[in-house]
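Taking it in order: structure first as structure tokens, then the write-up.
Every number here is computed from the coordinates shown, using simple stated rules; none is lab data. Quick caveat: nothing in here was measured; it's all calculated off a predicted structure. Ideal geometry is used to build each Cβ from the backbone, glycine not excepted, and the neighbour counts take in all protein chains shown.
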């Protein structure tokens, strides 16, 4: 853990470091605890840091920091040199007041830092949300005339902060550059490399908006292109006594959750993907002042492949949506002709893309369309629209491109990069028009496919809402010689849908197969082993308020082609319990029952050996022929009950998928 404390000295979050005494206060803390109160604090400097894109300057003109009879508006501090002012009358402390009637609007975040030394940081970022990933760009120090990187060997390659203020500070002669932004997409994967080291930190009297929200945010980490490596996680956790929150580790995609509380913890495992969640107790805005959590997590990813290969998952593990391909990339058990999506392809025609990449994107588009069924009289078909995005969105095909059509696009000179959000809005407009002309496509999943080499630095709220509402964003990053992939574009893409420009069209068609796996809006998806297959575990509709005998529950599910939910692993057991948690019953039925011959059978006809019977279960009583889950058990054990008792239940349905619209 020695390296960690070096990290804390060099990368100072909330300015709690070895060389300065500092406090950090969020907008909410200022509003409820500092402004127009008896609060005072004596430090050398007061600084105001605002989030990127901050526009609430008018209110900062009406809030002031005061020493003795001298005062300065927050606006003037934030916009002044270094965003700080000095207390030249140190015998007097700071206090803070606002004009009469002013109530701070904290929908855009700003932060007050009171510090004994003027910050020497190269950058401070104040974010409106939390869990910001910051990759290391460069690090070293000057020794004579030589730039030496050796002092940086112990420093992490990635920093994640669960705080809404990040300050990057250099320790003596060491200079470290990281790339951070307060414009975040919170649930995106961060792709790291074998051998990378990661630090996840939060500290100090909480300016952490996550405490106020009470919802967990996470670091989603993908190793290379789904490459399995040995991972070591060291945790030093200190939670506020009033906070019953935890750190939650998932060691694999969709794997079980492991919770950690106060103390030191070390975990070693082999994986290609993991998640670390910070899940604090909900605090009201007026209470976050009182919460002090300190979290330091160090993660090391081995540069070598694991000495022992992890046990391979059985083939076709997921019950639905098999999009397998053979060694050549050809479909196994499914057909391109069964894909039925509405797809808008956005081709970047900016100078960043360049004509050579535009030509490659055009050829790729034509190849994809030539493979899909675009005949709208066919039982299953895909509509494809194409937009050439430069200064404006030029519609080349309005969801009506066919195999016979060609794509002609040229560089829009003078446009350095495209605005991704404008392109997204143009695609949304095309979808809207497409539903007006063919309202029967309301159940078809919408996919936006960006072929681009522009940076992604725009507001993400509308795009996140599209993905949350079951839309899919596919991104191919077209690169010029010598360029590296733009990590922002990975964040733009839905999980599992980011590609480099040399990806084969067969891989992209497989991605369309995966995109075609989804649930209708009235059902809840359960994912599979592949993050791109959001409904590979099926679609579920809970009936938490019903109290039906087993046979009636089973019949109710079958009316619309479903069955009682089946459970074949711990993860599914917890998933079904979670969607049933609004029920006031301690028990719910599952699709597992005993036949006249005394054998237990699943409604989905699975022969999976998994069970979770409680001690002395299943009961041998003559009437105990139907399985239920006991939610009062911490591990959700099962019991065998009288089938005539009324319990709530959840129905399981087949998802929409390639070749099947019966969903």
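Structure notes:
- Projected label points at residue 619 and residue 238, each 7 Å from Cα along the beta carbon direction, are separated by 5.2 nanometres.
- Viscosity 1.306 mPa s, 10 °C: Kirkwood-radius Stokes-Einstein D of segment 21-116 over Cα pairs, µm²/s: 120 µm²/s
- Net length available on complete extension from residue 433 to residue 417 is 3.1 nm, with 0.36 nm assigned per residue and the Cα-Cα distance removed.
- Potential lengthening between residue 395 and residue 363 on full extension [0.36 nm per residue; Cα-Cα distance subtracted]: 9.8 nm
- Segment 539-653 - convex hull of the alpha-carbon atoms, volume per residue in Å³: 98 Å³
- When the inverse distances between all different Cα atoms of segment 336-515 are averaged and flipped, the Kirkwood radius reads 16.1 angstrom.
- Classification of segment 427-515 by its C-alpha gyration tensor yields a prolate form. The axis ratio a/c (a ≥ b ≥ c) is 1.5 or more, and a/b outweighs b/c.
- Put in line by how crowded their Cβ is, counting other Cβ atoms within 10 Å and starting with the fewest, 563, 189, 401 read 563, 189, 401.
- Computed FRET value (nearest 0.05) for residue 551 with residue 581, which takes r as the C-beta separation and R₀ as 22 Å: 0.30
- Förster radius 25 Å - calculated FRET efficiency between residue 403 and residue 225, Cβ distance, rounded to 0.05: 0.20
- Pair residue 44, residue 107: separation of 7 Å Cα→Cβ label points (nm): 4.0 nm
- Order by protection proxy (mean Cβ within 10 Å, highest first), peptides 526-535, 404-413: 526-535, 404-413
- In plain terms, the bigger the Kirkwood radius, the slower the diffusion; for segment 595-663, with that radius from Cα pairs, at 20 °C and 1.002 mPa s, Stokes-Einstein puts D at 150 µm²/s.
- Of the peptides 581-594, 379-392, the ranking by mean beta-carbon count within 10 Å, highest at the top, reads 379-392, 581-594.
- A straight chain from residue 443 to residue 303 at 0.36 nm per residue would run longer than the Cα-Cα distance by 45.9 nm.
- Ranked by the mean number of other Cβ atoms within 10 Å of their residues, highest first, the peptides 610-621, 439-450, 643-654 come out as 643-654, 439-450, 610-621.
- Per-pair calculated FRET efficiency, R0 = 56 Å: residue 68 and residue 611 via Cβ, rounded to 0.05: 0.15
- Sorted by Cβ neighbour density within 10 Å, fewest at the top, the residues 373, 332: 332, 373
- Neighbour counts of other Cβ atoms within 10 Å put 28, 483 in the fewest-to-most order 483, 28.
- Approximate spin-label separation residue 265-residue 599, in nm, with each point projected 7 Å along Cα-to-Cβ: 4.2 nm
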